[in-house]
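Below is one structure, written out as structure tokens, with a few remarks after it.
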Amino acid sequence: RRRGDEFLSWARALDAGERRDFAPRPQPKPPLAVRPQHFSVTEIETLRRDPYAIYARRILRLMPLDPVIRDPGAAERGTLFHAILHLFSRTVADPLVPEALDGLIAAGRACFA
């Protein structure tokens with residue numbers, strides 16, 4: 001019960017702070033000359049749901065950034081595989097020798113690093 005009282009006091013401390021209102025949602029009002037005159041069918045739903053998204057894309061010409069952490073695409077994987085095979089072919093003279101697999105694994109580890 002004592003431990004529970006401690007958690008309750010922490011929760012009450014969170015609520016004890018000064019009350020602040022949320023920042024108002026932006027209301028972009030570009031000049032009529034730069035406002036889009038035509039919208040695609042999919043943009044109409046976006047315009048109703050989130051007009052700022054249309055403002056950012058069509059007027060400010062902002063494009064979404066690629067995520068910082070993502071799985072590598074086909075181009076990156078292909079480049080990596082080519083680098084591994086290139087390093088392997090430079091270091092191992094005969095790919096049929098028993099030590100060739102160790103050389104391939106070492107090349108892979110070096111390129112992944």
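Each reported figure results from applying straightforward, stated rules to the coordinates on display, with no laboratory input. Bear in mind the structure is a predicted one, so any value in this text is a computation, not a measurement. Methodologically, a virtual Cβ is constructed for each residue, glycine included, from the backbone with ideal geometry; neighbour enumeration extends over all protein chains shown.
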* Structure fact -> Checked against the positive end of the charge dipole of segment 43-113 (+1 on Cβ of Lys and Arg, -1 on Cβ of Asp and Glu, about the Cα centre), the farthest of P98, L65, A53 is A53
* How about segment 11-58: which chymotrypsin sites (Phe, Trp or Tyr not before Pro) there are in a DSSP loop, with at most 11 other Cβ atoms within 10 Å of their Cβ? -> F22
* Helix 2-15 versus the longest principal axis of the chain: what angle, 0 to 90°, nearest 10, using Cα atoms? -> 70
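Calculate the dipole size of segment 37-108 relative to its Cα centre from +1 charges on Lys and Arg beta carbons and -1 charges on Asp and Glu beta carbons; express the result in debye to the nearest 20.
Charge dipole, segment 37-108, about its Cα centre: 580 debye, nearest 20.
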* **Cα-projected label distance for A16 with R90, points at 7 Å along beta-carbon direction, nm** => 6.5
* Structure fact -> Taking 86-94, 3-11 and ranking on average Cβ neighbours within 10 Å, highest first, one gets 86-94, 3-11
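Evaluate the chain: find the radius of gyration of its Cα atoms, find its Kirkwood radius, and give the ratio Rg to Rh.
Expressed as Rg/Rh, it is 1.35.
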* Structure fact -> Among trypsin sites (Lys or Arg not before Pro) in segment 47-76, those in a DSSP loop whose Cβ has at most 12 other Cβ atoms within 10 Å are R61, R70
* Asked: Expressed in nm to one decimal, what extension gain is obtained for the pair S9 and A56 from 0.36 nm per residue of sequence separation less their Cα-Cα distance?
  -> 12.5 nm
